[in-house]
1. How far apart, in nanometres, would the label points at Tyr178 and Asn295 be if each is projected 7 angstrom from Cα along the Cα-to-Cβ direction?
2. Does anyone have the angle between helix 245-254 and the longest principal axis of the chain? Alpha-carbon axes, 0 to 90°, nearest 10?
3. Give me the percent relative contact order of region 9-281, please, defined on Cα pairs under 8 angstrom at least 6 residues apart.
4. With r as the distance between the Cβ atoms of Arg370 and His30 and R0 = 51 Å, compute the FRET efficiency 1/(1 + (r/R0)^6) and round to 0.05.
5. Over the alpha carbons of the chain, what is the largest minus smallest coordinate on each principal axis, giving the biggest first in Å?
6. Each residue of region 185-194 in turn: what ³J(HN,Hα) in whole Hz from Karplus with 6.51, -1.76, 1.60 and θ = phi - 60°, glycine and Pro shown as x?
7. Please list the non-local residues whose amide H lies under 5 Å from the amide H of Gly241, H modeled 1.01 Å from N, same-chain partners needing a gap of 5 or more.
8. Using the Karplus curve 6.51 cos²θ - 1.76 cosθ + 1.60 with θ = phi - 60°, work out ³J(HN,Hα) for each residue of region 55-69 in order, rounded to whole Hz, and write x for Gly and Pro.
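The values are calculated or read from the model by the stated rules, or taken from the named source; none is laboratory data. Remember, it's a predicted structure, so these values are computed and weren't measured experimentally. With ideal geometry, Cβ positions are generated from the backbone for all residues, glycine too; neighbour counts draw on all protein chains shown. Heavy atoms of the whole protein, side chains included, go into the accessibility calculation; ligands, DNA and RNA do not. Shrake-Rupley method; radii C 1.70, N 1.55, O 1.52, S 1.80 Å.
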Amino acid sequence: MTDKSTQPRVLIFDTTLRDGEQSPGATMTHNEKLEIAHLLDDMGVDIIEAGFPIASEGDFAAVSAIAKQSNTATICGLARANFKDIDRCWEAVKHAKSPRIHTFIGTSPLHRAMHDLTMDQMAERIHETVTHARNLCDNVQWSPMDATRTEHDYLCRVVEIAILAGATTLNIPDTVGYIAPRESSSLIRMLLERVPGADNIIFATHCHNDLGMATANALAAVEAGARQIECTINGLGERAGNTALEEVVMAMKVRNDILPYRTRIDTTKIMNISRKVATVSGFAVQFNKAIVGKNAFAHESGIHQDGMLKNAETFEIMRPTDIGLAETSLVMGKHSGRAALRAKLRDLGFELADNQLADVFVRFKALADRKKEVYDDDLIALMQDHGTSEAHDTLQIKRLRVVCGTDGPQEAELTLTIEGVDHSIDATGDGPVDAAFNAVKMLYPHGARLQLYQVHAVTEGTDAQATVSVRVEEDGRIATGQSADTDTVVASVKAYINALNRLIQRRKSSAPGDDTKSIHYKDQS
Ligand code: KIV
Ligand code: ZN
């Protein structure tokens, strides 16, 4: 048995709430961010990048609240290379038991041109801003954005300047997901060898997954001496996403023989947080995603099942329970009681307070009335259902009836409660979903464009629930909605209304210009 306590420790820096949330459409509400931060802290994440405080009042409020509720994790906020951003960041993170300011500027030729700064001018800016951040906070992380496309000599020069100015962590981002594992390790090795003072600070690796190499690149950087991995749950992030936390953590655990590093992560909490992030971000996890995909532990082929029954290790390199996946197969039905539901949900990784359980129990009973057998996947869909309107939502569905047939257009009769007042209308369309969406648009005229409409059957059978995801866009703002129901049309309208409510919320909480999505490209003083 290996003695892990002597292995080098790799810090896990989670940026689901900052880089992950930057993914178009992945916007989360204030309470959802707080809940995720709590789960990350509880799971053993070392540093939580909670947001970008200058981006909007909402971001500032979320980072401050996360800082105030923080327990063990260091709470970090992002700031561009200017005093205003850094001051705002400090105002938000200073409430944490352990605060960190993370400031960055793009250092590659393309970024220098975009900022219209010479190498010397940029070096000066880095010196000033890191010094300023360090005067406010003892714990400062600096990132040369697009480091992997920055000339090595210049990268060494600016890294040294940041260290001299007081940066305690040096993050090396592969912003565009361009490098390959061998380069990732040689870059870290080169910096450790060439930059004076490099042995006294922590090097971090921050990889994007554009070429599908983010996990491999992060682990290669660790092998070369990086001691912090920046990652997100489910690999959430702009474009192809970031390094997935669950992948790097499980790789170091399962292949500890060749990756002898330890983390503080309680891996049994992975599945629960993965589901939570999928639900609140509206980004479903692909079925064959490593570690947390629905099929990651499914063995359906006859040969595999036979082998598994004889010895699970035949085809399994880790146990489902390692990531918090229960191995129960108890099917629930309408006679199942509250205690059974609580136990089942706990097995599935959902820990509920009494009032939450009461609400879920009502919805579970309604589902069990319509569906004879309620499977694990049905319960997960129920827990992830965002279609139930909340009291503060502008739009609420009161009644929906659709008429379908082979002849003539389909019709929908809809009653929507809009800001407390009921409005009804009949609409037609090319299919029942189209008719129902037309009715929504007639009752609540809006300019939001439907970008995505996706339906999945949760289980087999004609009484299966459908989960529907909808993404809408208006003036550059994107919002997603999700819902599940045994009736596909009802699930569709609930998901659409959910997306519209989120869009309305976003409209209220931010002006178009203060959208965090544009932070990579703006960096004015
Ligand atoms: O990808 C990137 O370069 C970033 C920086 C802000 C660290 O997310
Ligand atoms: Zn990034």
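1. Label-label distance for Tyr178 and Asn295, simple model: 3.4 nm.
2. Roughly 70 degrees between the two axes.
3. On the way: 603 pairs, mean separation 56.1, N = 273.
Relative contact order here is 21 percent.
4. Working: r = 34 Å, r/R0 = 0.66.
Rounded to the nearest 0.05, the efficiency is 0.90.
5. Taking max minus min along each principal axis of the Cα atoms, the chain gives 75, 59, 41 Å.
6. Residue by residue, region 185-194 yields 6, 5, 5, 5, 4, 4, 5, 5, 6, 9 Hz.
7. Asn209
8. Once θ is set to phi - 60°, the couplings for region 55-69 become 4, 6, 4, x, 5, 4, 4, 5, 5, 4, 5, 5, 4, 5, 8 Hz.
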